[in-house]
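Bear in mind these aren't lab numbers, they're just calculated from the coordinates by the rules spelled out. Bear in mind that the values here come from a model prediction, so they are computed numbers and not experimental data. Heads up, the Cβs are rebuilt from the backbone with ideal geometry, glycines too, and the neighbour counts pull from every protein chain shown.
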Amino acid sequence: MKNILLFGAGKSSTYLIDYLNDLCDLKNWNIVVADFKLDNIASKLKPNSKIKSVEIDIEITQERTGLISSADIVISLMPPHLHYLIALDCIELNKNLLTASYLDNQTKELAKKIEEKNLLFIYELGLDPGIDHMSAMKIIHEIQHNGGEISSFISHCGGLVAPESDDNPWHYKISWNPKNIVMAGKAGSTFLENGIVENLKYEELFSENNLVQIPESETLAFYPNRDSLTYIDNYGLKTAKNFKRTTLRHADFCFGWKNIIQLKLTDESIFYNTENLTISEFFNLHFKRFEICKL
């Protein structure tokens, strides 16, 4: 019998919890789902004696290690900055770790300890990053196997609304942590174009004019995603003159988000007391501060 520990029961966890629930009897797994609110877990669980819910403050070491010590494998769907705490405990307690989040520099520095303990740490197991890596490597290896050389690599990937649910002007719906959507692109992007390293600021990313035609589908917009250069070695494409990873959205989303940025509505340096403020009053207060306009 295997014991699987899942940290996090937010928006992104629903399908994983369903998957584990469907397989736990067949595979003889015991599942523990831990979150800071039991209500988050309860709304996603089906009745099953092999799945247990636990309320936890992930930043309290004793609570965290107590659960990890009993697990065979740990899955973290917590906010990205909390993965490192879990990673340190998994190394100390000799546990394997999986997560969908980006591999950060802090965790990279733990590589030697992870290897010494012969542990399995796999990050970037989501859509992007994740499935995009696997589909890219499949194509790259096929080309190389057939004797081809790759001089340019550009990938487009993104979670989009199913056509039957596409019912708003943004052509977008929130299926993960809303703050992460606001934060997307904040660090700008870095990529290789015609052999030259290009850097774009946050304010320059969202152009509805960056378009790509998806075969047997529609024309979508894209924006460069984070630092593409970190994947050149992993993909084995050191001789490529172009290397860019992008996120797909509808052009209307990019147009709207570009304007939101220009209106400084994603500026985190400002805090407002919005109690008893109407939406119009809030916008007038905000725009007055930046001398943008008045409603």
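Within region 197-295, the chymotrypsin sites (Phe, Trp or Tyr not before Pro) that combine a DSSP coil assignment with at most 16 other C-beta atoms in a 10 angstrom radius are Phe271, Tyr272. Using the Karplus relation 6.51 cos²θ - 1.76 cosθ + 1.60 with θ = phi - 60°, the per-residue 3J(HN,Hα) values for region 113-127 come to 5, 5, 5, 4, 8, 6, 9, 9, 10, 10, 9, 6, 10, x, 7 Hz, with x marking Gly and Pro. The amide H of Asp227, built 1.01 Å from its N in the peptide plane, has Thr190 as neighbours under 5 Å, considering only residues 5 or more places off or on other chains. Taking a ≥ b ≥ c as the square roots of the eigenvalues of the alpha carbon gyration tensor, the chain is oblate, as a/c is not under 1.5 and a/b does not beat b/c. Between Lys112 and Lys238, the simple spin-label model (points 7 angstrom out along Cα→Cβ) gives 2.3 nm.
Counting only aspartates and glutamates at least 8 places from Lys241 when in the same chain, those with an alpha carbon closer than 18 Å to its own are Glu149, Glu193, Glu198, Asp227, Asp233.
Remark: spin-label model distance Tyr15-Leu211 equals 2.9 nm, labels positioned 7 Å along the Cα→Cβ axis. Scalar couplings 3J(HN,Hα) for region 257-266, obtained by applying the Karplus form with A = 6.51, B = -1.76, C = 1.60 to θ = phi - 60°, are 5, 4, 6, 4, 5, 4, 7, 6, 7, 10 Hz; x denotes Gly and Pro.
What the phi angles of region 170-178 give under the Karplus curve with 6.51, -1.76 and 1.60, with θ = phi - 60°, is a coupling list of 7, 6, 8, 9, 7, 10, 9, 4, x Hz, glycine and proline written as x. A Förster radius of 35 Å combined with the Cβ-Cβ distance from Lys138 to Gln62 puts the calculated FRET efficiency at roughly 0.20. Please state the shape class of region 153-218: rounded when a/c is under 1.5, otherwise prolate if a/b exceeds b/c and oblate if not, all from the C-alpha gyration tensor. Judged from the Cα gyration tensor, region 153-218 comes out oblate (a/c at least 1.5, b/c at or above a/b). Taking amide H positions as modeled 1.01 Å from N, with prolines and chain starts lacking one, the residues under 5 Å from Ile73 and 5 or more places away or on another chain are Asn3, Leu5. In terms of the Cα gyration tensor, with a ≥ b ≥ c the square roots of its eigenvalues, is region 58-185 rounded because a/c is under 1.5, prolate because a/b exceeds b/c, or oblate? Because a/c hits 1.5 or more and a/b fails to exceed b/c, region 58-185 counts as oblate. For region 1-153, averaging the sequence separation of C-alpha pairs within contact (under 8 Å, six or more residues apart) and dividing by the residue count gives a relative contact order of 19 percent.
For region 205-295, the list of trypsin sites (Lys or Arg not before Pro) that fall in a loop by DSSP and count at most 15 other C-beta atoms within 10 angstrom reads Lys238, Lys241, Lys264, Lys294. Annotation note: GluC sites (Glu not before Pro) in region 31-122 located in DSSP loop regions with a Cβ neighbour count of at most 16 within 10 Å are Glu59, Glu109. Of all beta bridges that DSSP places with both ends in region 185-295, some 95 percent have antiparallel geometry. Averaging the Cα positions of each part gives two centres, and for region 251-290 and region 166-206 these lie 18 Å apart.
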